[in-house]
Structure formats: structure tokens, C-alpha cells
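Worksheet: one structure, shown below.
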Amino acid sequence: MKVRVTGVVIEDGHILLLNQDTDTGRSWSLPGGKVEEGEPLGAALVREMREETGIEVQVGRLLYVCDHLPGGGTHVVHLTFEAERVGGVVGDVLEGADTQPIRGVEFVKLTDLVDLGFGERFVELAQAGFPGAGSYMGAKANIGL
């Protein structure tokens, strides 16, 4: 089993996303990644956000816990956290820090997420302030990811 953390940074109705190939077929995704052995979850999120987006964050509340079962016996537990930007420069990406090249880092309007491959459910949750935060949601498709 693998553990992955992702961060949700929303500012003025826009959410921070990566333009990067994913195993879901979407080109845009939430920033985050694998938790290293012995690494606290919060530290993993801070590291991943800095490497992938160039920003420093303060980790906020746990939003959702989900499963991703892509096949081949792989089980990934996704922990999605709210995060607040506290420094850094958007797009100042650490070259080679990720296994998939990052083509861009942008704040995207929440209302444009469906056009980028996110589910309507994720947009609804984000616009409503993530009701039920801290809950286990089953498959990550249940939250529109």
C-alpha cells in the first residue's frame, strides 16, 4: 500500500493545479505526492507543494481520505488536505523532483474544473467549503477526482 498526500490551495475562487500527466488520463491535478518512509504527513505535503509548485504552505484541515485502486494489486490511500500559501513563487518548480514532467502550475477558476477533467462533485465540494471534511469517502471518484 502507498500513501499519497495532496493539497488544496484556493484563493479568490481559484484552485492551484499542476499541468502534468496522471494515471487517470487527466492532464491537470492537485499538487502532491508520495509520503516517504518515516515522513510525517504534514511534512510530506509541505515538501511536495514546494517541489511541484514553488510555494510554501501551511497545512490545514484534513479534507478527505480516499482509496485509489488502479489495478495490478496497487492500493493508494489519498489524504487530501487544505493548505494556505505562506510564501514562495508559483511555478518555481524543482526540476526533476517528480517522476512526471510538470508542464505548468496555475491557479484555475473553480468553475473551469469540469472542463479540465475534474468531476462536478469536486467542484460542488470545493464551492461549498468541503462539507464533511475529515471523512473517509471510499473511492477517490466519489469526490470527483
With the charge dipole of the chain built from beta-carbon charges (+1 for Lys and Arg, -1 for Asp and Glu) about the Cα centre, the Cα from Leu110, Gln127, Ala83 projecting farthest to the positive end belongs to Gln127
One finds the C-alpha centres of the range 97-129 and the range 1-75 to be spaced, in Å, by 12
Low-density loop GluC sites (Glu not before Pro), the range 6-66, at most 14 other Cβ within 10 Å, DSSP non-H/G/I/E/B, are Glu36, Glu37
Averaged per residue, the 1.4 Å probe accessible area of the range 45-94, protein heavy atoms only, in Å², is roughly 45
Eigenvalues of the alpha-carbon gyration tensor of the chain, times 5 and square-rooted, give semi-axes in Å, largest first, of 19, 19, 16
Checking the range 74-145 for GluC sites (Glu not before Pro) in a loop per DSSP with at most 12 other beta-carbon atoms within 10 Å yields Glu95
Of every hundred units of 1.4 Å-probe accessible area on the range 1-99, the number belonging to carbon and sulfur atoms, as a percent, is 49
Toy charge model, Lys and Arg Cβ at +1, Asp and Glu Cβ at -1: the range 7-145 dipole around Cα centroid in debye, rounded to 20, equals 320
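The values are calculated or read from the model by the stated rules, or taken from the named source; none is laboratory data. Model, not experiment: these values are computed from the prediction. With ideal geometry, Cβ positions are generated from the backbone for all residues, glycine too; neighbour counts draw on all protein chains shown. The accessibility values were calculated without ligands, DNA or RNA, using every heavy atom of the protein model including side chains. Shrake-Rupley method; radii C 1.70, N 1.55, O 1.52, S 1.80 Å.
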